[in-house]
Amino acid sequence: MTTTEKILYPNAYYEMSALMFYPDNFDASKKYKTIVVSHPGGGVKEQTAGLYARKFAEQGFLTIAFDSSFQGESGGYPRLLESPSARVEDISVTIDYLSTLPFVDMDNIAAFGVCAGAGYSVTATTVERRIKALVTVSLVNIGILFREGLDHVVPVESQIQALEAASLARSKDANSDSSTYINYVPYTKDEITDQTPTYAREASDYYRTSRAMYSTSPDFLLQKSMQEIFQYDSLHLVDTLLTQPLLVIAGSEADTKFLTDELYNKATASSKRDYYVAEGATHVDLYDKEKFIDPIVDYASKFLEEQLTF
């Protein structure tokens with residue numbers, strides 16, 4: 001039976017909070033293939049990241065799911081900042097910590113991410129050569145999605161308006177004792193309209209109901225985060241530097257599937273590319289619906305066992 005431990009480890013001037021999942025019959029004298037799991041934007045380790053981490057541990061991997069900097073139980077200020085650069089660094093910092101553990105096989109570390117966490121894992125894999133394989137689920141390239149919307153249809157004028165609002169929010173925050181936040185997804189059912197994308201509608205049901213609501217996941221982000229988010233692109237350098245084996249996973253009915261398609265099509269430097277389509281699944285279905293998740297974990301586990309062979 002797998003066991004779970006809450007751990008803390010350093011990141012610059014604060015600590016990261018994570019859950020470590022140990023496989024059945026864990027033996028500290030052995031070395032284990034290890035998976036670093038990154039959560040979606042606005043999520044925390046106790047939600048879908050922890051679910052996948054536990055299921056991979058049941059397959060024999062050592063896994064770690066962490067709260068990103070400024071969010072959840074991890075440290076860092078300002079709170080609820082969504083910083084792509086920090087989130088990418090979080091992955092390397094986590095691997096730094098793993099390197100101090102004698103039972104971690106440092107030649108066999110994989111990155112695994114869901115939604116925005118998948119996008120950040122892509123970026124980390126291009127520059128973090130200790131990552132030997134990568135798996136993405138319901139990938140969101142947060143820079144593209146927030147800037148250009150579904151299928152790249154948001155006009156530049158609207159993008160500039162969003163940046164104007166973020167800039168004004170910075171001035172407002174600098175001149176008050178409070179901070180300006182925006183929602184990741186609709187906070188209540190009343191905020192959902194006919195124009196609300198399916199992924200956002202379903203994410204609201206996931207994060208804002210008993211389905212996955214968690215006290216450390218308020219589903220807000222600092223509005224000034226938009227400035228850094230708009231500059232970010234998960235696909236940067238993947239055609240040259242993402243040489244590691246890559247498995248991408250998306251639901252056939254996901255309105256965000258085009259983002260996974262774009263990654264798969266551009267990641268031509270990867271030594272092994274594979275694409276698993278969860279038939280009938282939407283973006284958020286792959287967060288917690290076990291009829292989709294269990295086959296995904298089985299498939300991904302076989303992929304990682306084959307690719308992590310050093």
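Could you please let me know if Ile131 is surrounded by 24 or more Cβ atoms within 10 Å (Cβ to Cβ) and in contact (Cβ under 8 Å) with a residue 40 or more places away in the chain?
Considered against the rule, which asks whether it is surrounded by 24 or more Cβ atoms within 10 Å (Cβ to Cβ) and in contact (Cβ under 8 Å) with a residue 40 or more places away in the chain, Ile131 comes out as no.
What residue, of Ala278, Ala254, Ala269, is aliphatic (A, V, I, L, M) and surrounded by fewer than 20 Cβ atoms within 10 Å (Cβ to Cβ)?
Ala269
Considering the range 5-33 alone, what residues qualify as being out of contact with any helix residue (DSSP H, G or I) (no Cβ under 6 Å at 6 or more places or on another chain), assigned to a strand (DSSP E or B) and of a type in the set (Ser, Thr, Tyr)?
Hits for the range 5-33 are Tyr14, Ser17, Tyr22, Tyr32.
Evaluate the range 211-230: report whether one residue or more is of a type in the set (Asp, Glu) and closer than 18 Å to Ser83 by Cα.
So far as the range 211-230 goes, yes, one or more of its residues are of a type in the set (Asp, Glu) and closer than 18 Å to Ser83 by Cα.
Scan Ala165, Ala174, Ala203, Ala212 and give me the residue that is in contact (Cβ under 8 Å) with a residue 24 or more places away in the chain, farther than 27 Å from Val114 by Cα and aliphatic (A, V, I, L, M).
Ala165
Based on what the data block shows, is Ala49 in contact with a Leu (Cβ under 7 Å, 6 or more places away or on another chain) and modelled with pLDDT of 95 or more?
In short, no.
Within the range 23-48, restricting attention to residues that are among the β-branched types (Val, Ile, Thr) and under 17 Å from Phe103 (Cα atoms), which residue is surrounded by the fewest Cβ atoms within 10 Å (Cβ to Cβ)?
Per the stated criteria, the residue is Thr34.
Considering only residues that are farther than 25 Å from Ser225 by Cβ, among the hydrophobic types (A, V, I, L, M, F, W, C) and either buried (at least 24 other Cβ atoms within 10 Å of the Cβ) or in contact with a Gly (Cβ under 6 Å, 6 or more places away or on another chain) (or both), which ones fall in the range 62-105?
Leu62
Among (1) in contact (Cβ under 8 Å) with a residue 60 or more places away in the chain; (2) surrounded by fewer than 24 Cβ atoms within 10 Å (Cβ to Cβ), where does Ala111 come up short?
(2)
Where in the range 204-310 are there helices (runs of 4 or more DSSP H), lying wholly inside it, with at least 2 residues that are modelled with pLDDT of 95 or more and of a type in the set (Asp, Glu)?
Here the list reads 257-266, 285-288, 290-307.
Considering only residues that are in contact with a Lys or Arg (Cβ under 7 Å, 6 or more places away or on another chain) and of a type in the set (A, V, I, L, M), look in the range 1-22 and name the one that is farthest from Asp96 (Cα to Cα).
Once the filter is applied, the top-ranked residue is Leu19.
Output the qualifying pairs, or none if there are none: Cβ atoms under 8 angstrom, residues six or more apart or on different chains, first residue in the range 252-277 and over 17 Å from Ala133 (Cα atoms), second residue modelled with pLDDT under 95 and assigned to a helix (DSSP H, G or I).
Phe258/Asp151
Can you tell me which residue within the range 165-202, out of those that are under 27 Å from the mean Cα position of the chain (by Cα) and acidic (Asp, Glu), is surrounded by the most Cβ atoms within 10 Å (Cβ to Cβ)?
Only one residue tops the list, namely Glu202.
The values are calculated or read from the model by the stated rules, or taken from the named source; none is laboratory data. All of these numbers come straight from a predicted model, not from anything done at the bench. No Cβ is skipped: glycine too gets one built from the backbone with ideal geometry, and neighbour counts run over all protein chains shown.
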